[in-house]
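J.: Shown below is the structure under consideration.
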Amino acid sequence: GPPPPPTTGWNILYQGPVDNSLTITPRWNAPAGGMCMGGSTVRTPPPSLDPAEVKRRLEAKRMEELEKRQEALKKKQDDQLRAKSALSIRKAINKVKAATPENFEAVQQELTDVMALEIVGAGPLGPSLETEAAKAIELGASNVDRALKMREAQKKKAEDMQKQLEERKKTMEEHKKRIEENRKKVAEDMQRQKQEAIEKRAEEIKKKREEALKKIEDDKRKKLEEEQMRIHARQTAMHLRKLFQKLRIAKVEVFEEAKQELEQALAEGLSKCGPEEPQIKAEAEQLLEQVNARMEKIYEQRKVMQDKKDEVMKLVRELEGLVEVAESAVVKLQESAAFFDDSSELSTQDVEEISQVIEEGVVESSIRTKACNDYVGMHGKEMKDPAPSPLVPGGQTEIKEAMDILRRRIMECTRGSDATYKAAKEAKEKALRQAAANDRLIELKTAFGRYSNTKEDVLSRSEIATFAKGEYEFAVTDDLLNHIFENIVEDGEIGV
């Protein structure tokens, strides 16, 4: 049959975005050089396909895309109309909110008309707009009512002012009448008043002289008090500045105490600083701002150092756990070696088994100790105390001291393991000699027991002869038995 169409090189009549996942699959077999058409791809039709059919399909595809664009355009226009209707309603709502008593009914009617015309066009926004319009009418009515009450209050105030003005006018007329009456009295009292004025003048001169003398004394006293106040103000300012310096150089441990002391001194003495009060206050505020900022940096630096220290302490604790395991292995090794301390009842097999356990313990302790040393080699550079900073002076030695203790413990594990192993080797040789003797004694006791049939666990004369014959193939004569009983068996005993 003809070869299949190529999988690449097809011409696609499409102006939209490119879909890289599109694959072209032939929908029918075509002769060599032919093309296929289907879906969103166009291929050269086989000789049997009518060009008019191809054109018709392309035209149908274009019409479908045109209808989609028209639907999208119509949707966009509908959205714009809804937005326009909602905007018209909201404009009317804003007018109702800002209405005055004169135009409230008009703008309310306008809102009603706009709602009637535009609410359908607002689409899904209609219910929320109706709620908003109801709230706006309620708010507008409340505003209008408040405005009417204010106008009524202003009107009443104007009436009260008019009434007060009339009463004042009446009072002025009565006052004018009294002035006329008093004028007559003035003329009659002029002479008398002139004489009284002369006498009064003399009295005033005397009084002024006395007041002048008193003023001089008061001025002297006032100057003395002012001088004392200035001295006290300078002393107070000096005291506060000393507290400034104390707080400025205070360490973290005494910072809060120095700050509280300064704040208390400012509360009690700032108002007594006289002309220097504004300057002292400004200096105090500047100082507090500076030291607070410095303390915040110190606290932050300390937190960073503490975090680093916590990370290092975590490594130290992990190392301590390894050391404890190594120490436990050494303790177990020492406990195993302690079996050699009393070897009077051990057999050769027991000694070998204990030696095997000790060998395993030595290997275990060596592995655990090596794990500690490897851990130190891996993390030794990290397990150090944080370096002091300019904000947090003074070095710390907690981690160094802990590491020194752990290193000593590791060395003690190594020395303990080596010493225990060395002592165990020496004890093993001694224990083997003792065990050999114990084994020989057991053998003898076993053999002795095979030939003893008495409750006292001794050999009688006949049992001794049987024992010698059975174990050593030696025939014991009666003379020899007599000699044994005479020299070995004590009086009252029944055998050996």
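The values are calculated or read from the model by the stated rules, or taken from the named source; none is laboratory data. These numbers come from a predicted model, not from an experiment. Here Cβ is always computed from backbone atoms with ideal geometry, including for glycine, and neighbour counts include all displayed protein chains. Please note that ligands, DNA and RNA were not included when accessible areas were found on the heavy atoms of the full protein model with its side chains. Shrake-Rupley method; radii C 1.70, N 1.55, O 1.52, S 1.80 Å.
J.: Distance cut-off 32 Å, Cα to Cα: go down the list K194/K222; K303/K332; K84/K135; K97/K163; K184/K215 and report the pairs above it.
T.: Details: K194/K222 39 Å; K303/K332 42 Å; K84/K135 21 Å; K97/K163 37 Å; K184/K215 42 Å.
Violating the 32 Å limit, Cα to Cα: K194/K222; K303/K332; K97/K163; K184/K215.
J.: Going by accessible area, probe 1.4 Å, with all protein chains left in place, what is the ranking of I137, I354, largest first? Please report the intermediate quantities before stating the final value.
T.: Working: I137 50, I354 25 Å².
Reading off the accessible areas and sorting them downward yields I137, I354.
J.: Using only the Cα atoms of region 152-264, each taken as one equal point scatterer with no solvent, compute I(q) by the Debye sum, divide by I(0), and report log10 of the ratio at q = 0.15, 0.17, 0.19 Å⁻¹.
T.: -0.90, -0.99, -1.05
J.: While we're looking at this one, here's another question. Which FRET efficiency value, to the nearest 0.05, is calculated for D78 and R146 with the Förster distance at 51 angstrom and r the Cβ-Cβ distance? Working shown, then result.
T.: Values: r = 41 Å, r/R0 = 0.81.
For D78 and R146, the calculated efficiency is 0.80.
J.: So, one more: Would you mind computing, in nm to one decimal, how far apart the modelled labels at R415 and K303 are, each placed 7 Å from Cα along Cα→Cβ?
T.: Each label point is offset 7 Å from its Cα along the Cβ direction, giving 4.5 nm.
J.: How much length is gained if the chain between K281 and D350 is pulled fully straight, taking 0.36 nm per residue apart and subtracting their Cα-Cα distance, in nm to one decimal?
T.: Working: separation 69, 0.36 × 69 = 24.84 nm, distance 9.01 nm.
Full-extension gain reported as 15.8 nm.
J.: With each pseudo-label sitting 7 Å past Cα toward Cβ, what's the L224-A187 distance in nm, one decimal?
T.: Computed distance between label sites L224 and A187 equals 5.9 nm.
J.: Moving on to the next point. Net charge near I205, counting Lys/Arg +1 and Asp/Glu -1 over other residues with Cβ under 13 Å of its Cβ?
T.: Counting the neighbours of I205, the net charge comes to +1.
J.: Heavy-atom accessible area of H239 with all protein chains present, probe 1.4 Å, nearest 10 Å²?
T.: Spelled out: H239, probe radius 1.4 Å, area about 100 Å².
J.: Calculate the FRET efficiency for I249 and E324 from the Cβ-Cβ distance with a Förster distance of 56 Å, rounded to the nearest 0.05. Before the final figure, lay out the partial values.
T.: Details: r = 46 Å, r/R0 = 0.82.
The computed FRET efficiency comes out at 0.75.
J.: Please quote Rg/Rh for region 110-180 to two decimal places, taking the Kirkwood radius as Rh and restricting both calculations to Cα atoms. Each step should come with its number before you reach the end.
T.: Numbers: Rg = 26.5 Å, Rh = 16.8 Å.
Result: Rg/Rh = 1.58.
J.: Measuring from label point to label point, each 7 Å out along Cα→Cβ, what is the A212 to S88 span in nm?
T.: Between A212 and S88, the label points sit 9.4 nm apart.
J.: Further question: What trypsin sites (Lys or Arg not before Pro) does region 233-340 have in DSSP loop regions with at most 12 other beta carbons within 10 Å?
T.: Numbers: sites: R234, R241, K242, K246, R248, K251, K259, K272, K281, R294, K297, R302, K303, K308, K309, K314, R317, K332; in loops: K251.
Answer in residue order: K251.
J.: Quick one: the Cα spread of region 45-181 along its three principal axes, in angstroms, biggest first?
T.: Each principal axis gives a Cα extent; for region 45-181 these are 138, 25, 16 Å.
J.: With a 1.4 Å probe and all protein chains kept in place, how much accessible area does S142 have, in Å² rounded to the nearest 10?
T.: Approximately 50 Å² for this residue.
J.: How much length is gained on full extension from R56 to Q109, taking 0.36 nm per residue of separation minus their Cα-Cα distance? Don't skip to the answer; put the middle values down first.
T.: Numbers: separation 53, 0.36 × 53 = 19.08 nm, distance 5.83 nm.
So the extension gain works out to 13.3 nm.
J.: Read phi for every residue in region 366-376 and hand back ³J(HN,Hα) as whole Hz from Karplus 6.51 cos²θ - 1.76 cosθ + 1.60, θ = phi - 60°, with x for Gly and Pro.
T.: 5, 5, 5, 5, 5, 4, 5, 5, 4, 5, 5
J.: For E268, E471, give me the order by solvent-accessible area with a 1.4 Å probe, most accessible first, ignoring ligands, DNA and RNA. Don't skip to the end; give the middle numbers.
T.: Values: E268 110, E471 70 Å².
So the residues, ranked largest to smallest area, are E268, E471.
J.: Still on this structure, I have one more. Would you list, by chain and number, the lysines whose Cα falls below 18 Å from the Cα of K400, excluding same-chain residues fewer than 8 positions away?
T.: Result set, ordered by chain and number: K308, K309, K314, K381, K384.
J.: Taking the Cβ of L117 as the centre, find all other residues whose Cβ is under 12 Å away and add up their charges (Lys, Arg: +1; Asp, Glu: -1).
T.: Numbers: positive: K84; negative: E110, D113, E118.
Here the count lands on -2.
J.: Keeping all protein chains in position, work out how much accessible area Y421 exposes to a 1.4 Å probe, and write it in Å² to the nearest 10.
T.: Spelled out: Y421, probe radius 1.4 Å, area about 70 Å².
J.: Given all pairs of different Cα atoms, what value in angstroms does the Kirkwood hydrodynamic radius of region 281-334 take?
T.: Numbers: mean 1/r = 0.0680 Å⁻¹.
One decimal place: 14.7 Å for the Kirkwood radius.
J.: Gain in length, F474 to S271, computed as 0.36 nm per residue apart minus the alpha-carbon separation, to one decimal in nm?
T.: On the way: separation 203, 0.36 × 203 = 73.08 nm, distance 12.72 nm.
Contour length minus Cα-Cα distance gives 60.4 nm.
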